[in-house]
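**Student:** Here it is: the structure, laid out below.
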Amino acid sequence: MATELGHPIPKHPYAVSVSIPTWKTNMAYGRKEAWVMDSLQTGYPRFCIPRNIESFASVLLASWNEDPSTRAAMLFPSSAIAHELVDFLELRDVVNNVRVVDVGAEDVHAVVYPKEHFPLAKSFWQHTGEGISGRRCDAARKQWELRHEPPTPPAEDAGVEGDWAKDTIRARISELAGAGTTEEDVWLFPSGMSAMFNTHKMLRKALGERKAVSFGFPYVDTLKILAKWGPGAVFYGHGSSGDLDTLEARLVAGERFLALFCETPSNPLLRSPDLLRICRLAKTYDFAVVVDETIGNFVNVDVLPHVDVIVTSLTKAFSGACNVMGGSMVLNPKGRYYTRFTATMTAQYADTWYPLDAVILELNSRTFSSRVPVMSSNATALAALLSSHPLIRIVHHPSLPSPSQHHYQSFRRPSGGYGFLLSFYFHDEEHVQPFLDAIDTPKGPSLGTNFTLVSPYTILSHFGELEWAEEFGVKLRLVRVSVGLEERGELLEKFRKALEAIPLAEEEEIERGRTLKRFGE
């Protein structure tokens, strides 16, 4: 597994993570320092423009006689999505010299725009997850380069195999989600954030334009979607009972909302919302409830019977292999808005998930149900080890006592575990650097991988808004661990050794010795 700066994790042409192996390189990544950015052979595909996609866009610009010093191109899997970027730019006063070009290969469409607005266009790429995938790009480039050659008959089985894979994934998710769902209730997308983006769009179309509620500290791009599209969002970042009291008071006073979005549990603090109370409020005051269950996942938690929609990043544990993107939306067939939501999705849905990506994900997900219990039990064991260590102040994991643990228990399946993700803080913030440098695992973005993946999460996701994130308990030196399938004893030993690598003052060494003796280590 890659441990050198900038190498793909895993070593694969379509890897979803990238190695950023030390505290120093992570901080430099957060600051976008050239020596790190230039070393990245890849990256999380929404957080960057993958190099093969960037290269194809440059070739296209040259073929259209566009000046690459002043012009840029961004590639999408349909004309409709390309025009959504145009609309996004126009709403932010970028109205001149923007055009959409049909590339003429694999349904790829390019938005050509002034290069100075790349950061704005890149935010659309990141938040929505609607850009083309690496596999579609490579197929489109090959097809485009042969455009002047005599046409060859299309490979008939390619599309058929992709359709079969998607049908199989829908059936697999429907069986896992339960609640009386069928394949027709499962909608597939090119990424988890694409599923979230399209869910929000569907809700606004079906229920009207109202503000959404983001409850609990969410994954970074969920809040961005709710805030930047439609009327905006009300944010309750602690996800506490006090936050629910405040929300209820607003509802009683007559304010109305589109939907409440939350996670079960949340990333990265692993807090669980009071779903039962939320659903009572939703029924009384007529708003939808949308849950991102990626972290808890279908195997461990059973939330669909209580809510209207669940959204999942299939890129994560459902795949596990860290080499393909995908996302899903599942509608509760017994939900209050089911008929409206189904009709709206039927009218607006366009399948832009590249068939070969679906084929790869179907293959990866065959072992999903057997992998999750191992990952979850490994994470529970690691959480217990870390929480007993004298250098660690707090560990966030649903298996450990916390103010929200009973909420997780209320929707945990009888045979379900506590999930593969945990995070923690040291008592002394300076201990993070030696620990991170010493831990013998891959280090980079993403989660739900079959291998254990460590990251200083806040640097990767919130470096430009550190003070804001800290208000909600997400501090700079938070360590996040996505626990994999490794042999448990070997995994725990890696963490023990990394903790032992932390240099301590004499009195701390004495205390550590006492603690290790007490725990028999």
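The values are calculated or read from the model by the stated rules, or taken from the named source; none is laboratory data. Small disclaimer: the values here were computed from a predicted structure and weren't measured. Neighbour counts are summed over all protein chains in view; Cβ atoms, including those assigned to glycine, are modelled from backbone coordinates with ideal geometry. Just so you know, the surface numbers come from the protein's heavy atoms only, side chains and all, with ligands and any DNA or RNA stripped out. Shrake-Rupley method; radii C 1.70, N 1.55, O 1.52, S 1.80 Å.
**Student:** Can R147 be described as among the basic types (K, R), in contact (Cβ under 8 Å) with a residue 24 or more places away in the chain and outside any helix (DSSP H, G or I)?
**Tutor:** It is true that R147 is among the basic types (K, R), in contact (Cβ under 8 Å) with a residue 24 or more places away in the chain and outside any helix (DSSP H, G or I).
**Student:** Note down all Cβ pairs under 8 Å where the first residue falls in the range 412-438 and is in contact (Cβ under 8 Å) with a residue 12 or more places away in the chain and at negative phi, the second is among the acidic types (D, E) and open to solvent by 20 Å² or more (accessible area, probe 1.4 Å), and they're at least six residues apart or on different chains.
**Tutor:** Sorted first by the residue in the range 412-438, then by its partner, the pairs are R412/D302; R413/D302; G416/D302.
**Student:** Looking at the range 60-70, is at least one residue hydroxyl-bearing (S, T, Y), open to solvent by 30 Å² or more (accessible area, probe 1.4 Å), out of contact with any Leu (no Cβ under 9 Å at 6 or more places or on another chain) and not in a helix (DSSP H, G or I)?
**Tutor:** Yes, some residue in the range 60-70 is hydroxyl-bearing (S, T, Y), open to solvent by 30 Å² or more (accessible area, probe 1.4 Å), out of contact with any Leu (no Cβ under 9 Å at 6 or more places or on another chain) and not in a helix (DSSP H, G or I).
**Student:** In the range 412-494, which strands (runs of 3 or more DSSP E) lie fully inside it and hold 2 or more residues that are over 21 Å from the mean Cα position of the chain (by Cα)?
**Tutor:** Those strands (runs of 3 or more DSSP E) span 421-426.
**Student:** Give the residue that is farthest from G473 (Cα to Cα), with candidates limited to residues of the range 391-410 that are in a loop (DSSP other than H, G, I, E, B) and touching a residue at least 60 places away in the same chain (Cβ under 8 Å).
**Tutor:** Step by step, filter the range 391-410, then rank; the result is L391.
**Student:** For V111, indicate whether it is part of a strand (DSSP E or B), open to solvent by less than 30 Å² (accessible area, probe 1.4 Å), within 17 Å of A62 (Cα to Cα) and touching a residue at least 12 places away in the same chain (Cβ under 8 Å).
**Tutor:** Yes: the conditions hold for V111.
**Student:** Another question, then. Return the residues of the range 310-329 that are in contact with a helix residue (DSSP H, G or I) (Cβ under 8 Å, 6 or more places away or on another chain), among the hydrophobic types (A, V, I, L, M, F, W, C) and open to solvent by less than 10 Å² (accessible area, probe 1.4 Å); say none if nothing qualifies.
**Tutor:** I310, V311, L314, A317, F318, V324, M329 - these are the residues of the range 310-329 that are in contact with a helix residue (DSSP H, G or I) (Cβ under 8 Å, 6 or more places away or on another chain), among the hydrophobic types (A, V, I, L, M, F, W, C) and open to solvent by less than 10 Å² (accessible area, probe 1.4 Å).
**Student:** So, one more: Pick from V289, V303: which is without any contact (Cβ under 8 Å) to a residue 60 or more places away in the chain and closer than 20 Å to T181 by Cα?
**Tutor:** Within the list V289, V303, the selection yields V289.
**Student:** Follow-up. Here are R366, R412: which of them is in contact with a strand residue (DSSP E or B) (Cβ under 7 Å, 6 or more places away or on another chain) and open to solvent by 30 Å² or more (accessible area, probe 1.4 Å)?
**Tutor:** Of the residues listed, the single one that is in contact with a strand residue (DSSP E or B) (Cβ under 7 Å, 6 or more places away or on another chain) and open to solvent by 30 Å² or more (accessible area, probe 1.4 Å) is R412.
**Student:** Taking the range 23-59 as the search range and keeping residues that are open to solvent by 50 Å² or more (accessible area, probe 1.4 Å) and not in a loop (DSSP other than H, G, I, E, B), which one is nearest to I459 (Cα to Cα)?
**Tutor:** This residue is K24.
**Student:** Of M345, M329, which residue is part of a strand (DSSP E or B) and closer than 25 Å to R46 by Cβ?
**Tutor:** The conditions single out M329.
**Student:** A further question follows. Of all residues in the range 178-205, how many are assigned to a helix (DSSP H, G or I) and either of a type outside the set (A, V, I, L, M) or open to solvent by 20 Å² or more (accessible area, probe 1.4 Å) (or both)?
**Tutor:** 12
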